[in-house]
There are 2 protein chains.
Amino acid sequence: MDFLAEEKNKYSPPAGLATKYRQEEVHRFIVDCMTSVATPTLQARALADLLVAADLRGHFTHGLNRLEMYVNDMVKKVCAGDATPVIIKESVSTALVDGKNGLGPVVGNFCMDLAIEKAKQTGVGWVCAKGSNHYGIAGWYAISASKQGLLGMSFTNTSSLVVPTRGKQALLGTNPIALAAPGEKGDDFVLDMATSVVSGGKVEVACMKGEGVPAGWALDRDGAPTTDAERALDGFLLPLGGVETHSGYKGFGLGMMVEIFCGILTGAPYGSNIRDWTRTDQPADLSQCFVAIDPSFFAPGFEGRMTDLMNHCRNMEPETPQKPVLVAGDPERLHLRKVEQEGGITYHINQINNLWKLAKYLGVTPLQTN
Amino acid sequence: MDFLAEEKNKYSPPAGLATKYRQEEVHRFIVDCMTSVATPTLQARALADLLVAADLRGHFTHGLNRLEMYVNDMVKKVCAGDATPVIIKESVSTALVDGKNGLGPVVGNFCMDLAIEKAKQTGVGWVCAKGSNHYGIAGWYAISASKQGLLGMSFTNTSSLVVPTRGKQALLGTNPIALAAPGEKGDDFVLDMATSVVSGGKVEVACMKGEGVPAGWALDRDGAPTTDAERALDGFLLPLGGVETHSGYKGFGLGMMVEIFCGILTGAPYGSNIRDWTRTDQPADLSQCFVAIDPSFFAPGFEGRMTDLMNHCRNMEPETPQKPVLVAGDPERLHLRKVEQEGGITYHINQINNLWKLAKYLGVTPLQTN
């Protein structure tokens, strides 16, 4: 991103820019930025839907914060913004898709829609894509199935960052697993987790705050355990579970499962063959997997049982009264409500200043409060 | 198990019983014990196959060690040893099965075979069963798909033992996830993991050895963190990841995923509605889920890529030279080789003495060395 960073830094934002913006305005801004670098509107809107949803759910590392990366991919022509995915191989319940190096959400939406369609016909749809790009929050695709009354799952491989138990170097990415399932009256279960003990974003945040990271999160560049956030950021993450006594090999096994569903099933790059996160001169060629299951092919009453189990969990006595027991998806639900109450999404001023510069460079109207 | 324990304790084993037995003899012994309590031979053999496989793979907690539980279930008539499963609902790619309270491996083999058959036709088979019993190592079913060149997955719900992050009481069982995938020349990837930080068996072992358990494994009966193995055994397990700072909620989310695939999809008991582990006066009514995926419906060359990724992992520089980096399934592979070299499976003498008493009580020939 050096070129873009340099170019946009020629512009100086005015002091005192607002930090809260309506979601429609954030969406408009993303679409304008992406179309300014030759992304067709349809594809730009798909990306904007996804990035706004991430911010609404409080996953700021995967929202507007990533816009510059997508712009950069278009400027450098490493991503084919106008591409549409094609089906290479298909059965009533499965498909292998070539994303044709299109934008992640374009490929992802196409595949999840296909999986949903198949699940409605046969009970289950299992679709794998190669030739894709960063597809944002894995939960987005799972939720899109859940909104139609189905179980949705989504997986993606990513650049190497996670060290196998007993190892010193990274082999797999943070390879997330997402599962969404519908409850009653719009309630839902949404698990969206990296298979590392934490995501890279949490280490970045610790770094920015000048704090350390807990033991068991990361190794330094030489493969030694570290609690120094800077060294951790320059190093590797441990798999979910952490060290061997705490079963880190299970987290690594889950990361392998994701890679099997992605790069191994599709025949695209896998493990450390995936381009480095910082390399932006070649296509990402990521693989993803999308699964939909129609609960009506099993026992009736799925949504009622789902809500009952979730409410049972939420109503359990907490260890600390101020910290209620939550179900996967509840923290995001709380954030959605906060944005609604506040009438907009609030960003860090540094991010807003940075986007103002990007807007000027691209010749796009900066984010506006009306 | 009180009745059985009391009855068999009337017998005293001779001193110096052998501790190593050929796998065929262990198999014979299990079949004899089960048929002596009115289990038809077909069903008894299915159970014996599974228990012997667990011991061969080094999962002694799930092998011959569990025989008394299965015998007890038959004696108390809480399990229908002669039952055969029936399909309630079916599509080309899915099925809902009623296990009719049959033995776990009888239900499990039936479902996995059905999933494999469907996967060969449509690329994916997704089969859920209710009315089942303890089905042994989850990996058994996954491996049976892998042996036919498919990806296999298996999940089961179990009695409550795992506490949600921030909670003080158990809501879910150790709900395991198994995935097996074939590599080249008989090599395979076999992930078979409880979604708790460790299985209950590891706490039992620490107890027997009079050792403590690491912080982050367990809570005591009152929901307070403990490193005392006795208190842990009487208490609850933390989900994979452990405490909140180390993302235990991810492990719990995975446990929920398993429950969704099992009790929630099948409409059978789920969460803390499942009978307590120690209650043996009512059917277990467990639910299980079996998935098979035929990689030939995706990109050709699956097994080659699988082996390449596994070997890459195995050949990584280890942190400690004596502890090589392993792939899921490697520890079991090493144990299988050990048994082969030693010409038999070696058990703890206490277990052998106990089984001798069981044999006498049942009127069955005790384990014999050739």
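The values are calculated or read from the model by the stated rules, or taken from the named source; none is laboratory data. Note that the structure is a prediction, hence the values are computed from the model and not measured. Neighbour counts are summed over all protein chains in view; Cβ atoms, including those assigned to glycine, are modelled from backbone coordinates with ideal geometry.
Among the residues of segment B:283-297, those that are closer than 15 Å to residue B:181 by Cα and either free of Cβ contacts under 8 Å to residues at least 24 places away in the same chain or among the aliphatic types (A, V, I, L, M) (or both) comprise B:291, B:292, B:293.
Within segment A:302-340, the residues that satisfy the criterion of being of a type in the set (A, V, I, L, M), within 18 Å of residue B:171 (Cα to Cα) and either in contact with a strand residue (DSSP E or B) (Cβ under 7 Å, 6 or more places away or on another chain) or not in a helix (DSSP H, G or I) (or both) are A:306, A:310, A:316, A:325, A:326, A:327, A:328. In segment A:253-278, the residue that is nearest to the other protein chains (Cβ to nearest Cβ) out of those that are free of Cβ contacts under 8 Å to residues at least 40 places away in the same chain and more than 27 Å from residue A:90 (Cβ to Cβ) is A:253. For segment B:73-95, the criterion of being buried (at least 23 other Cβ atoms within 10 Å of the Cβ), more than 19 Å from residue B:280 (Cβ to Cβ) and of a type in the set (A, V, I, L, M, F, W, C) is met by at least one residue. Listed by position, the helices (runs of 4 or more DSSP H) inside segment B:30-147 whose residues that are in contact with a strand residue (DSSP E or B) (Cβ under 9 Å, 6 or more places away or on another chain), within 14 Å of chain A (Cβ to nearest Cβ) and under 30 Å from residue B:205 (Cβ atoms) number at least 3 are B:139-146. Check segment B:190-199 and report whether any residue there is more than 12 Å from chain A (Cβ to nearest Cβ) and either within 24 Å of residue B:138 (Cα to Cα) or not hydrophobic (A, V, I, L, M, F, W, C) (or both). No; the residues of segment B:190-199 include none that is more than 12 Å from chain A (Cβ to nearest Cβ) and either within 24 Å of residue B:138 (Cα to Cα) or not hydrophobic (A, V, I, L, M, F, W, C) (or both). Any residue that is more than 12 Å from every other protein chain (Cβ to nearest Cβ) and either hydroxyl-bearing (Ser, Thr, Tyr) or without any contact (Cβ under 8 Å) to a residue 24 or more places away in the chain (or both) - is there at least one of those in segment B:235-249? Yes, segment B:235-249 has at least one match. Anything in segment B:167-189 that is within 9 Å of chain A (Cβ to nearest Cβ), part of a loop (DSSP other than H, G, I, E, B) and touching a helix residue (DSSP H, G or I) at 6+ places or on another chain (Cβ under 6 Å)? List them, or say none. Within segment B:167-189, B:171 is the sole residue that qualifies.
Is there any pair with a first residue in segment A:16-38 that is touching a residue at least 40 places away in the same chain (Cβ under 8 Å) and a second that is surrounded by fewer than 18 Cβ atoms within 10 Å (Cβ to Cβ) and hydroxyl-bearing (Ser, Thr, Tyr) whose Cβ atoms are under 7 Å apart and which are 6 or more apart or on different chains, and what are they? Cβ pairs passing all conditions: A:18/A:369; A:19/A:346; A:20/A:346; A:21/A:369; A:32/A:365.
Residues of segment A:222-233 that are within 11 Å of chain B (Cβ to nearest Cβ), without any contact (Cβ under 8 Å) to a residue 60 or more places away in the chain and assigned to a loop (DSSP other than H, G, I, E, B): A:222, A:224. Among the residues of segment A:260-278, the ones that are under 20 Å from residue A:163 (Cα atoms) and assigned to a loop (DSSP other than H, G, I, E, B) come to 7 in all. Out of the residues in segment A:201-221 that are in a loop (DSSP other than H, G, I, E, B) and at the interface with chain B (Cβ under 10 Å from one of its Cβ atoms), which is farthest from residue A:137 (Cα to Cα)? Step by step, filter segment A:201-221, then rank; the result is A:215. Here is the figure for segment A:148-166: residues that are in a strand (DSSP E or B) and in contact with an Asp or Glu (Cβ under 6 Å, 6 or more places away or on another chain) total 0.
Might you let me know whether segment A:340-363 holds any residue that is within 10 Å of another protein chain (Cβ to nearest Cβ), in contact with a Pro (Cβ under 7 Å, 6 or more places away or on another chain) and at pLDDT 95 or above? No, segment A:340-363 contains no residue that is within 10 Å of another protein chain (Cβ to nearest Cβ), in contact with a Pro (Cβ under 7 Å, 6 or more places away or on another chain) and at pLDDT 95 or above.
Each row is one residue, and each column tells you yes or no for (1) touching a Ser or Thr at 6+ places or on another chain (Cβ under 8 Å); (2) outside the structural domain of residue B:39 (by TED's automatic domain parsing); (3) among the basic types (Lys, Arg).
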{"position": "B:306", "(1), (2), (3)": "no, yes, no"}
{"position": "B:316", "(1), (2), (3)": "no, yes, no"}
{"position": "B:319", "(1), (2), (3)": "no, yes, no"}
{"position": "B:322", "(1), (2), (3)": "no, yes, no"}
{"position": "B:325", "(1), (2), (3)": "yes, yes, no"}
{"position": "B:331", "(1), (2), (3)": "no, yes, no"}
{"position": "B:345", "(1), (2), (3)": "no, no, no"}
{"position": "B:351", "(1), (2), (3)": "no, no, no"}
{"position": "B:356", "(1), (2), (3)": "no, no, no"}
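Of the residues making up segment B:293-339, those that are facing chain A (nearest Cβ under 7 Å), closer than 27 Å to residue B:113 by Cβ and of a type in the set (A, V, I, L, M) number 4. Does segment A:307-325 hold any residues that are more than 11 Å from residue B:271 (Cβ to Cβ) and either surrounded by 17 or more Cβ atoms within 10 Å (Cβ to Cβ) or among the aromatic types (Phe, Trp, Tyr) (or both), and which are they? Result: A:307, A:318, A:319, A:325. Residue B:281 falls short on exactly one of the conditions (1) assigned to a helix (DSSP H, G or I); (2) farther than 27 Å from residue A:294 by Cβ, and that condition is (1).
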